[in-house]
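The values are calculated or read from the model by the stated rules, or taken from the named source; none is laboratory data. Since the model is a prediction, treat every value here as computed from it, not as a measurement. Glycine also receives a Cβ, built like all others from the backbone with ideal geometry; neighbour counts cover every protein chain displayed. Accessible surface is based on the protein model in full, side chains and every heavy atom, while ligands, DNA and RNA are left aside. Shrake-Rupley method; radii C 1.70, N 1.55, O 1.52, S 1.80 Å.
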Amino acid sequence: MPMLLIKGSYEILGTDPDGDTIHFRPDNPDEWDLIGGDRKVKRNAAGRGKLRLEAIDALETHYSRTGPTVHQPLALANAARDAVLEWVGFTSVTRGANGLVTASTPASAPGFVLTRGVDISHRCIAFAGRGEPPAASGTQVLVDAAMLELTLNHHLIKEGLVYPLYYSTLFHDLRNAITTAAQKARTATPPKGVWAEDSTVSGATVTGMSSITEDEVIFPKLFRRLVDYLNLGDTDLSGFRAYLDQQADRFLILPTGQFTTGLDEVVQVSGTTVKMTRNPEDLVFDEE
């Protein structure tokens, strides 16, 4: 899969990184504009922008799209966040009361990103690398499964710290490599990371917001939809599948080859139990 390589540094001062986002400043900020598509990376005067790590979805540490800020179970959410910072090269991080980073060692960590696009929030969608890049910055690189295994994204999947989350722009060979790593983490003895507690397919008991913020570990995309639904002011889940239909997520179900609209197609609700009928790696979403 051809991707643009951009060399630079990870910087976290004044930010609140999590398990699938981190800030990055290219050595040459103009190289942000080499990314194809109509969207541009939002960046500050120094050129620092935000990365959204490709093909993964970490437990939410702070989600507030439709109401007060909430999170998923923090032990695992923070484990993914800490793994991101350690892998890229930060040895110590100090945070203020508001969660923002006030100091780090080192101040920045060298690395590179491999990218093909920018998301609706104007974040660079990327595979993240550390140290010296394999090619010149600003050039196209063929990313195969072997190169994928050297990225932060693959590391997080391999350790079971995040879920796979696929969009249609990701080539199938990279998607298959990530799926293999995720399934190995899930079937390990004992299961790694989130998979030891995951109730996405087995069924999560949801009696209110605290069920999914404190107790149940579920696919973050499902978590976000549940939070948005509960923020409508009713804990009765009988309307949740209709709500999912209204949100009209478009996706492909890989095992059947079926294109469909609405997560209600792969979500079941019985009383206070919510579950998906497909594993996250079985779904490929259209770009938003």
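Here are some notes:
- Once the stretch 126-155 is narrowed to residues that are assigned to a loop (DSSP other than H, G, I, E, B) and of a type in the set (A, V, I, L, M, F, W, C), the residue that is surrounded by the most Cβ atoms within 10 Å (Cβ to Cβ) is Val143.
- Filter pass, Glu31 being modelled with pLDDT of 95 or more, acidic (Asp, Glu), more than 19 Å from the chain's Cα centre (by Cα) and surrounded by 18 or more Cβ atoms within 10 Å (Cβ to Cβ): yes
- Sole exception among (1) over 27 Å from Ala204 (Cα atoms); (2) surrounded by fewer than 16 Cβ atoms within 10 Å (Cβ to Cβ); (3) touching an Asp or Glu at 6+ places or on another chain (Cβ under 9 Å) for His62, by number: (1)
- Filter result (open to solvent by 50 Å² or more (accessible area, probe 1.4 Å) and closer than 16 Å to Leu59 by Cα) within the stretch 156-185: Lys158, Glu159
- Within the stretch 81-97, the set of residues being open to solvent by less than 50 Å² (accessible area, probe 1.4 Å), more than 21 Å from the chain's Cα centre (by Cα) and modelled with pLDDT of 95 or more comprises just one member, Val93.
- Test result for Leu76, assigned to a helix (DSSP H, G or I) and either aliphatic (A, V, I, L, M) or over 17 Å from the mean Cα position of the chain (by Cα) (or both): yes
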